[in-house]
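Peer 1: Before anything else, here's the structure in question.
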Amino acid sequence: MSDIRTLLGVLTPSSNTALEPLTSAIVSGLPGVSAHFSRFTVTRISLEDQALGQFDDTKILAAAKLLADARVDVIGWSGTAAGWMGFDQDRALCRRIEDATGIPATTSVLALNEILALSGRRKFAVVCPYTEDVEARIVANYIQEGFDCVASSRLDISENFAYSEVSAETLTRQLKEVAATQPDAIATYCTNLRAAHLVPQWEAEFGIPVFDTVSTVVWKMLRMTGHDPASISGWGRLFQEVK
């Protein structure tokens, strides 16, 4: 076994119970690669000031500095808040993390947007658990960025912990709903959905690539640390096809 290690630092919403086991499972087959997590408070998703304030940079930077103590090679924010707060939010956050820690940074949303652009799949659909106003903001931000969000499906849930309790049957129903519009890709847009492991099943059933936001940040962190994402198997077409 090689002594060379790659340490992936992952920023995690405090009430999230899905992304940690999924992230660790995705990289479990890569020798020397491991994921390490730091949390900050996120309990509710809405457009109210109190909920938006959960994503204040000072709290996120404090969590990032804890990851820096572990000498991680990259820091990834495994969260989707930029979807409704604006993509510049994540671009600025990455710069601040890098300035504060000296460690390169990325996010689930920036990685997803890169994946959509690289693969030429600008016509895509969103599956999310959020409320109508949050969903509408996500769609509007993608349109403004030059993407074509042709369909979306939501569950009208605002409690972050509850997202992890959404069943596979419910998610599959949502996927089927948006797949009927024949998008070029579908994004499962929330890192507290237990969805990433279901992607191969959905891709086989609907014939459409599915980009899960837990997986997108892993894909990008692997690229940033010199690993070929194609070495990941069993987690969907993203890792095999998007170069």
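The values are calculated or read from the model by the stated rules, or taken from the named source; none is laboratory data. Predicted model, so just to flag it, every value in this text is computed and none were measured. A quick note on method: Cβ atoms are made from the backbone with ideal geometry, for glycine too, and the neighbour counts reach across all protein chains shown.
Peer 1: Just one of (1) surrounded by 18 or more Cβ atoms within 10 Å (Cβ to Cβ); (2) free of Cβ contacts under 8 Å to residues at least 60 places away in the same chain; (3) not aromatic (F, W, Y) trips up A117, so point out which.
Peer 2: Checking A117 against (1) surrounded by 18 or more Cβ atoms within 10 Å (Cβ to Cβ); (2) free of Cβ contacts under 8 Å to residues at least 60 places away in the same chain; (3) not aromatic (F, W, Y), the one that fails is (1).
Peer 1: Out of segment 73-126, which residues are within 29 Å of E48 (Cα to Cα), among the small types (G, A, S), out of contact with any Lys or Arg (no Cβ under 9 Å at 6 or more places or on another chain) and part of a helix (DSSP H, G or I)?
Peer 2: Within segment 73-126, A92 is the sole residue that qualifies.
Listed here are the residues, each with its yes/no results for (1) within 18 Å of the chain's Cα centre (by Cα); (2) in the same structural domain as S14 (by TED's automatic domain parsing).
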{"site": "L171", "(1), (2)": "yes, no"}
{"site": "L175", "(1), (2)": "yes, no"}
{"site": "I186", "(1), (2)": "yes, no"}
{"site": "T191", "(1), (2)": "yes, no"}
{"site": "R194", "(1), (2)": "yes, no"}
{"site": "H197", "(1), (2)": "yes, no"}
{"site": "S231", "(1), (2)": "no, yes"}
{"site": "G236", "(1), (2)": "yes, yes"}
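Peer 1: Please pick out the residue among R154, R122, R71 that is modelled with pLDDT under 95 and basic (K, R).
Peer 2: R122
Peer 1: Hey, another quick one. Yes or no: segment 73-81 includes at least one residue that is in contact (Cβ under 8 Å) with a residue 12 or more places away in the chain, surrounded by fewer than 18 Cβ atoms within 10 Å (Cβ to Cβ), hydrophobic (A, V, I, L, M, F, W, C) and closer than 25 Å to D156 by Cβ.
Peer 2: no
Peer 1: Among the residues of segment 6-44, what is the count of those that are assigned to a helix (DSSP H, G or I) and on the phi > 0 side of the Ramachandran plot?
Peer 2: Residues meeting the conditions: 0.
Peer 1: Moving on. Going through segment 123-146 one residue at a time, which ones are surrounded by 18 or more Cβ atoms within 10 Å (Cβ to Cβ), closer than 24 Å to G207 by Cα and not β-branched (V, I, T)?
Peer 2: Once the filter is applied, which keeps residues that are surrounded by 18 or more Cβ atoms within 10 Å (Cβ to Cβ), closer than 24 Å to G207 by Cα and not β-branched (V, I, T), segment 123-146 yields F124, A125, C128, P129, Y142.
Yes/no per residue for (1) surrounded by 15 or more Cβ atoms within 10 Å (Cβ to Cβ); (2) at pLDDT 95 or above; (3) touching a Pro at 6+ places or on another chain (Cβ under 7 Å):
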residue	(1), (2), (3)
R91	no, yes, no
R96	yes, yes, no
A105	yes, yes, no
V150	yes, yes, yes
F161	yes, yes, no
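Peer 1: Report whether or not T58 is closer than 19 Å to V242 by Cβ, of a type outside the set (D, E, K, R) and either outside any strand (DSSP E or B) or touching a strand residue (DSSP E or B) at 6+ places or on another chain (Cβ under 6 Å) (or both).
Peer 2: No, not satisfied.
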